[in-house]
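One structure is given below, encoded as structure tokens.
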Amino acid sequence: MSTALLFDLDGTLVDSVADLAESLNAALSQNQLLNVTVEQVATWVGNGTRVLVQRALGSMDAEDHLEQVLADFTSHYAKSSHKASIPLRGAIEALEWAYGEGIPMAVVTNKPEAFAFDVLKAQDLEGFFPVVIGGDTCSTNKPDPEPLQEAMKRLGVTEAIMVGDSKTDVASGKNAGLPVFAVEGGYNHGLPISDSNPDVVLLSLKQLPQAWQQWQQVEAI
């Protein structure tokens, strides 16, 4: 039975913060609220759209606007072309390598499923992933293990490695009983990903093939 790779999306495969910030600021402006910076948004990403908007509003003591700003953000982001989003360093090479090796792959993200498909399609990455689990696919989100377990079920595998960039990804992998490869420099709320104690830390996804091979060798001992 093959070991699958379960990838987070934002901050792991794709740098999407600029498009998120653009839609968020459009929603904030629509509600006569202050705009936020791309740098701020980067520290708020990772727990789904509702939490993203909650964190933005919390920074300006405007939580009572949550439902309207969330609705407006969702509307703006649904219309986004995602042109400001780009694959992260090593992502395409890593996906091409895994695809060539016949490794089953899925995306498991807290971003709503439809938005995840939109981002993947905009980056021409959708062909790598027969399974995409979004924040609204299951009854729970990461760090709960259910989304990872559902991805494995749909891929037809019993073994997998979680590949992410945040403490949420590390926790979800551990909660599912999976090894976790964590990529530095993603969206981890400004904290070093090594603090979350993943099994392997990658400087970028360029290191994924080597890390995979070394892990398989260790597991075979």
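Read-outs: derived from the displayed coordinates by stated rules, not from any lab. Please read all numbers here as calculations on a predicted model, not as lab measurements. Quick reminder, even Gly has a Cβ in these numbers, built from the backbone with ideal geometry, and neighbours come from all protein chains shown.
A few remarks follow.
- In nm, spacing of pseudo-spin labels at Asp64 and Ile86 (7 Å Cα→C-beta vector): 4.2 nm
- Nearest-ten-degree value, helix 17-30 long axis tilted from longest Cα axis of the chain: 20 degrees
- When peptides 155-163, 211-219, 198-206, 178-186 are ranked by their average number of other Cβ atoms within 10 Å per residue, the highest-first order is 178-186, 155-163, 198-206, 211-219.
- Calculated [222 nm] ellipticity per residue, helices only, for the chain: -13000 deg cm²/dmol; basis is -39500 (n - 2.57) per DSSP H run with n ≥ 4, divided by all residues, nearest 500.
- With a Förster radius of 25 Å applied to the C-beta separation of Gln40 and Leu203, the computed FRET efficiency comes to 0.50.
- Top positive-direction residue, dipole computed over the stretch 17-78 with Cβ charges, set Gly48, Phe73, Leu24: Gly48
- Judged by the mean number of other Cβ atoms found within 10 Å, the most tightly packed of the peptides 31-37, 70-76 leads the ranking 70-76, 31-37.
- Highest mean first, the peptides 81-90, 6-15 sorted by other C-beta atoms within 10 Å per residue fall in the order 6-15, 81-90.
- Lys-Lys pairs in the stretch 119-185 that are eight or more residues apart or on separate chains and whose Cα atoms lie under 19 Å of each other come to 4.
- Dipole magnitude for the chain: computed about the Cα centre from +1 point charges on Lys and Arg Cβ and -1 point charges on Asp and Glu Cβ, it is near 160 debye.
- Inter-label distance, nm, simple model (7 Å from Cα along the C-beta direction), Thr158/Ala18: 4.6 nm
- Rounded to 10°, Cα long-axis angle of helix 91-100 versus longest principal axis of the chain: 40 degrees
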